[in-house]
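The values are calculated or read from the model by the stated rules, or taken from the named source; none is laboratory data. Everything quoted here is computed from the prediction, not taken from an experiment. Counting neighbours? That spans all protein chains shown, and the Cβs are built from the backbone with ideal geometry, glycine included. Quick note on the areas: whole protein, heavy atoms, side chains included, nothing else; ligands and nucleic acids left out. Shrake-Rupley method; radii C 1.70, N 1.55, O 1.52, S 1.80 Å.
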Amino acid sequence: MPASWAMGRPTALLLLLAFLTPGAAIRVPPAMKALSSLRWSTSFTSRGTVAKKYSIHYIQQKVNHFGFDADKTFKQRYLIADEHWKKNGGSILFYTGNEGDITWFCNNTGFMWDVAAQLKAMLVFAEHRYYGESLPFGNKSFTDSRHLDFLTSEQALADFAVLIKHLKKTIPGAKNQPVIAIGGSYGGMLAAWFRMKYSHIVVGALAASAPIWHFGNLVPCGVFMEIVTKDFKRSGPNCSETIRSSWDAINRFARTGAGLRWLSENLDLCTALTNTQDVQNLKAWISETWINLAMVDYPYESDFLQPLPAWPIKVVCQYLKNPSVSDAQLLQNIFQALNVYYNYSGQASCLNISETTTSSLGTQGWSYQACTEMVMPFCTNGIDDMFEPHSWNLREFSEDCFKQWGVRPRPAWIITMYGGKNISSHTNIIFSNGELDPWSGGGVTKDITDTLVAITIPEGAHHLDLRARNAFDPTTVLLARSLEVRHMKQWIRDFYANQRKKH
């Protein structure tokens, strides 16, 4: 899930995201736009390549669910996989799509595919409005705030509710089956909020790595970057200290034209640095890289954001052992560390500081959301974290948002809408968080009630539990998944028991 933190301006730091990079979502070719077509997707696990079969569908959704202009509609894309679905005693697992192309999330949420058989489940992956193919105004969707006015979590949840009602009405056997919402990062927030707001439509929710409390002053603004720093500190001696020292080294080189040329050449940048703003962008890009590594510090090779080795931070920290070397040596070591993230495949000819992650994430849309209701405060002090000091300045942030989108943020709205920490009246939500994941600082990490439960994964990064089974999974994530399935089975049993009582 992207966040909005970097050098005092709104940017898309992917923090899934999901919640990070300048870049547009991948557009699906026109040939894929048939109203119902069969596609194969592949997911790589330790057992090799497993083919997954799903069909692609579209539903006409109202652009504005909370008004009465029935003429304005758009096509929302969704995917269905029903290989293991049973009409008798089955269930529906509904992925609450987040900020990107839904096929990408489908391919990276192997947990749902792994548990489909034992839950006799139909899998549904719903695309979030304004992402992927689900654009309310086509190529005009991002032209101005008037077209973007319908990009909100509330409208997205209403889309999901209408879609589920449609599925139950049109798919024989689905009408009387329990639906469980599942999501990760921003999608995990949506899954939790969906259960809160539409408890008559979904019987429960699995909200993985969902920072529903990273708003207002519910958690300290520095907690995110402190966890990033801890990840590097635990992964190698002097690793975080070396990174902390690198900022001043960059600043010293950046004082002269010759220093800018040295930085450009020795960091192998695609575009040469020429001014102070370029240096700020460079440091923001490097910061985003360390953040991304903290999110995807998985115990096996992966390509979620970039192709990476197992435990990538440990690999990075092999190059960052001594903060006391010369500025030139320190920054050459930083270059080697950056190469682990950007050139693990060995195919990059230079490093592009405008790119940090896959283009399947829709950063335009997230930038707007971060400037309206998804206002997440971030700050650093350079002492408890390894970054340059940077305070959270709402006024400055608001000005940047107004310049970019013509809107101003409403920082208290999410707390008003979804309750902040006052959520004990709700039921049947699992909040899972990995201790390595910086988003866990804004997540629910302790049980609230018997049915609002927290599952903590000590060796887990960003929604590791939603990824496919892997031979290198730590025992802690295996236990987490088994607990999640146990809760879901109980929700399903309760649903059918209540149905029998009614009859």
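Once all protein chains are placed together, ASP384 keeps about 90 Å² accessible to a 1.4 angstrom probe. Pairs from the list LYS72/LYS403; LYS72/LYS197; LYS53/LYS421; LYS165/LYS446; LYS86/LYS446; LYS53/LYS489 with a Cα-Cα gap above 30 Å: LYS53/LYS421; LYS165/LYS446; LYS86/LYS446. Rolling a 1.4 angstrom probe over the chain with all protein chains present gives an accessible area of which 51% lies on carbon and sulfur atoms. Taking a cut-off of 20 Å, what percent of all Cα-Cα pairs in segment 256-326 are separated by more than that? Everything past 20 Å amounts to 46 percent.
Please list LYS501, LYS168 in order of solvent-accessible area, largest first, computed with a 1.4 Å probe with all protein chains present. Intermediate results must be reported in sequence, preceding the final value.
Values: LYS501 165, LYS168 45 Å².
From most exposed to least exposed: LYS501, LYS168.
Since only ASN251, ALA328, TRP285 are under comparison, the one whose Cα sits farthest along the positive direction of the charge dipole of the chain, derived from C-beta charges on Lys, Arg, Asp and Glu, is TRP285.
Taking θ as phi - 60° and the Karplus parameters 6.51, -1.76 and 1.60, the scalar couplings of segment 67-83 work out to x, 10, 8, 6, 6, 8, 9, 8, 8, 9, 8, 8, 10, 10, 10, 10, 4 Hz in sequence order, x denoting glycine and proline.
Computed with a 1.4 Å probe over protein heavy atoms only, the accessible area of PHE472 comes to about 140 Å².
Comparing PHE66, ASN498, GLY443 along the charge dipole axis of the chain, the residue lying farthest to the positive side is ASN498, per the Cβ-charge model. When you filter the trypsin sites (Lys or Arg not before Pro) in segment 214-279 for DSSP loop state and at most 12 other Cβ atoms inside 10 Å of their Cβ, you are left with ARG255.
Accessible surface for ARG469 stands near 100 Å², nearest 10, in the context of the full protein assembly shown (1.4 Å probe).
Out of segment 222-269, which chymotrypsin sites (Phe, Trp or Tyr not before Pro) are coil in DSSP terms and have no more than 13 other C-beta atoms within 10 Å? Kindly include the intermediate steps, with their values, before the conclusion.
On the way: sites: PHE224, PHE232, TRP247, PHE253, TRP262; in loops: none.
When the chymotrypsin sites (Phe, Trp or Tyr not before Pro) of segment 222-269 are filtered for loop state and at most 13 Cβ neighbours within 10 Å, nothing remains.
What order do CYS350, CYS106 take when sorted by accessible area (1.4 Å probe), most exposed first?
On the way: CYS350 45, CYS106 0 Å².
In descending accessible area the options line up as CYS350, CYS106.
Taking all protein chains together and a 1.4 Å probe, the residues THR451, THR109, THR416, THR476 rank THR416, THR451, THR476, THR109 from largest to smallest accessible area. Around the Cα centre of segment 220-392, unit charges on the Cβ atoms of Lys, Arg, Asp and Glu (plus for the first two, minus for the last two) sum to a dipole of about 360 debye. Once you reduce segment 400-432 and segment 451-500 to the center of their Cα atoms, the two points are 25 Å from each other. Unpaired Cys in the chain, meaning no second Cys C-beta under 4.7 Å: CYS106. Taking amide H atoms as placed 1.01 Å from N in the peptide plane, the amide H of ILE455 lies under 5 Å from those of PHE431, SER432, ASN433, each 5 or more residues away in sequence or on another chain. Taking only the Cα atoms of segment 220-392, the radius of gyration and Dmax are 15.8, 45 Å. Per residue, the solvent-accessible area of segment 220-392 (1.4 Å probe, heavy atoms of protein chains only, all protein chains present) comes to 38 Å². Calculated mean residue ellipticity, 222 nm, the chain: -11000 deg cm²/dmol, from DSSP H runs (n ≥ 4) at -39500 (n - 2.57) each, averaged per residue and rounded to 500. Please work out the Cα center distance from segment 270-344 to segment 154-173, rounded to the nearest Å. Rounded to whole Å, the Cα centres lie 43 Å apart. The mean sequence distance of close C-alpha pairs (under 8 Å, at least 6 residues apart), as a share of the length of segment 220-392, puts its relative contact order at 33 percent. In terms of its alpha-carbon gyration tensor, segment 307-346 comes out oblate; a/c meets the 1.5 threshold, while b/c is at least as large as a/b. 3J(HN,Hα) along segment 443-453, derived from phi through the Karplus expression 6.51 cos²θ - 1.76 cosθ + 1.60 where θ = phi - 60°, amounts to x, 8, 10, 9, 4, 9, 9, 5, 10, 10, 10 Hz, with x in place of Gly and Pro.
For the chain, what does the equivalent ellipsoid look like in terms of its semi-axes, each the square root of 5 times an eigenvalue of the Cα gyration tensor, given largest first in whole Å?
Numbers: eigenvalues 290, 120, 93 Å².
Three semi-axes, in Å: 38, 24, 22.
Projecting the Cα positions of PRO220, LEU260, LEU119 onto the charge dipole of the chain (unit charges on Cβ atoms of Lys, Arg, Asp and Glu, taken about the Cα centre) puts LEU119 furthest along the positive direction.
Charge dipole (Cα centre; +1 on Lys/Arg Cβ, -1 on Asp/Glu Cβ; no other charges) of the chain amounts to roughly 2040 debye.
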